[in-house]
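Each remark here refers to the structure printed beneath this line.
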Amino acid sequence: MEATTEDRWQKVVYDTLKKNGVTIFSYVPDAGHRMAIDLSLADPDVHSVALTTEEEGVALAAGAHLGGARSALLMQSSGLGNCINFFSMITGGKFPFLTVLSMRGDYGEGNPWQMGMGKAVRPILDAMGFVTVEITQKDEVERAIDAACTMAFQSGEAVAVLLTQKLIGAKKF
Amino acid sequence: MAKAEKSAPRFELDRTVVVPQLVGKQEDFLFIGGLAGTAKDLASITNDGSNYYGMAGAMGAAVSMGLGLALARPDRKVLVATGDGELLMNIGSLATASILNPPNLRILCVDNGHYGETGYQKSHTSLGVDLEQIAIGAGIKSTMTVETKDQIAAGARMLRESNGTCFVLLRVKPEDGPKFKRDMDPSSTRVRFLQGMKARS
């Protein structure tokens, strides 16, 4: 898969998750995860799981853990709201959990429909007991994903990585 | 196109008798149980064993959790038991399981047509919704409905021998699962399951 200069950091997201032993990638499609989704579909060594709603990916990750596998849920930040009740299983059950969110309703957003969830992302993650890692620069991506994987899979935490709109850029309207 | 004539659904079987008959030798499966009735069905069958993880919340999570486990452990048969109310809450999980189609995933929906935990309000399946038809529409190739005694043996065979993800709809009387006091701690039961996996591998 050819990565352009613009989206090379997206390939780093995928490669770093894989390097950390993630073998099950689940997602609801989003432009911010386009490269990682395509790479997972083309990779015979991993499971690429298209979801109908983000909360499925939370339960999928818990099931994968019971079977000894590592999973990552890739979603747009708007999908976080669909997951909240299932997060109670993650934190209550002390399941290791990793999600990577491509932010909308964030720095420079021009679609007013995105702002409500965008502003709620951090309070929701705090309320549900997550460790949050924010990425704003392309050269931080590998180190931040490594750190997130360590906290999730070694310390057993629920961890959310935010690919902020400073990193992704805001969609033009 | 003319619709095939379908007889009215029959909610007559006793879940405490039929679920154990459908499962057979429980040691052959890893189990994920939904909440309420199906959690008790499986806790009773496994004696709350280390091959079973059951929920008491996160309604709608069972099928997706079973899918994750089935993908992680292709060498083991994974049986998910979920209720009609729980499955209706995350019906899209059938579509996701279908496109992955892991050969070791079995879904047993114990349909009593009601929300038993909350006072036996009717669920959609008492009002004309047919979950086997939804499973077929989701693309699951092996499906069947068990609502009479003579269908039990075929249902058990499907859960045991299917070569792709299968879906068995078991219609039962609107009654609770077996009385069983299970461990409801989501963390200690997680650890118990992991220890069971280690001991068996």
Beyond 24 Å between alpha-carbons counts as too far, so tell me which of A:11/A:119; B:6/B:141; A:94/B:179; B:149/B:181; A:19/A:172 fall in that bin.
A:11/A:119; A:94/B:179; B:149/B:181; A:19/A:172
Quick check on the exposure proxy: order B:29, B:11, A:86 from fewest to most C-beta atoms within 10 angstrom.
B:11, B:29, A:86
log10 I(q)/I(0) for the stretch A:1-76, Debye formula on C-alpha points only (no solvent), q = 0.13, 0.19, 0.20 Å⁻¹, two decimals, reads -0.35, -0.74, -0.81
Specify the residue with the greatest mean-square fluctuation among A:127, A:72, A:50, computed from a Gaussian network of chain A linking alpha-carbon atoms under 10 Å apart.
A:127
Computed ³J(HN,Hα) along the stretch B:184-196: with the Karplus parameters 6.51/-1.76/1.60, θ = phi - 60°, integer Hz and x for glycine or proline, the list is 9, 6, x, 8, 5, 6, 4, 5, 4, 5, 4, 5, x
Calculated from backbone phi, Karplus (6.51, -1.76, 1.60) coupling profile of the stretch B:62-77 in Hz, x at Gly/Pro:
4, 5, 5, 5, x, 5, x, 5, 5, 5, 6, 10, x, 7, 10, 6
What's the exposure ranking of B:130, B:28, going from fewest to most Cβ atoms within 10 Å?
B:28, B:130
Averaged over peptide A:81-89, how many Cβ atoms belonging to another chain are found within 10 Å of each residue's Cβ?
3
Computed over chain B, the ratio Rg/Rh where both radii use C-alpha atoms and Rh is Kirkwood:
0.94
Which whole-Hz ³J(HN,Hα) couplings does the stretch A:131-144 yield from phi under the Karplus relation 6.51 cos²θ - 1.76 cosθ + 1.60, θ = phi - 60°, glycine and proline marked x?
8, 10, 10, 9, 10, 10, 10, 4, 6, 8, 4, 4, 4, 5
Convex hull (Cα only) mean projected area of the stretch A:1-159, reported in nm² to one decimal:
8.9
Under-5 Å amide H pairs with residue A:47, H placed in peptide plane, nonlocal only:
A:24, A:25
Pull out the extension gain between residue B:188 and residue B:99, defined as 0.36 nm times the separation in residues minus the alpha carbon to alpha carbon distance; nm, one decimal.
28.8 nm
Per-selection Kirkwood Rh - the protein assembly as shown (Cα, Å, 1 d.p.):
21.2
Which whole number gives the average, over all residues in B:186-193, of C-beta atoms from other chains lying within 10 Å of the residue C-beta?
4
Please compute, for peptide A:45-56, the average count of beta-carbon atoms on other protein chains lying within 10 Å of each residue's beta-carbon.
5
5 angstrom amide H check on residue B:120, placed H, neighbours 5+ away:
B:115
Running a GNM on chain B with Cα contacts under 10 Å, which residue among B:17, B:146, B:110 ends up with the highest mean-square fluctuation?
B:17
Sort B:150, A:146 so that the residue with the fewest other Cβ atoms within 10 Å of its own Cβ comes first and the one with the most comes last.
B:150, A:146
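Values in this text are rule-based calculations from the coordinates and carry no lab data. Keep in mind it's a predicted model, so treat the numbers as computed, not measured. Note: ideal-geometry Cβ built from the backbone for every residue, glycine included; neighbour counts use all protein chains shown.
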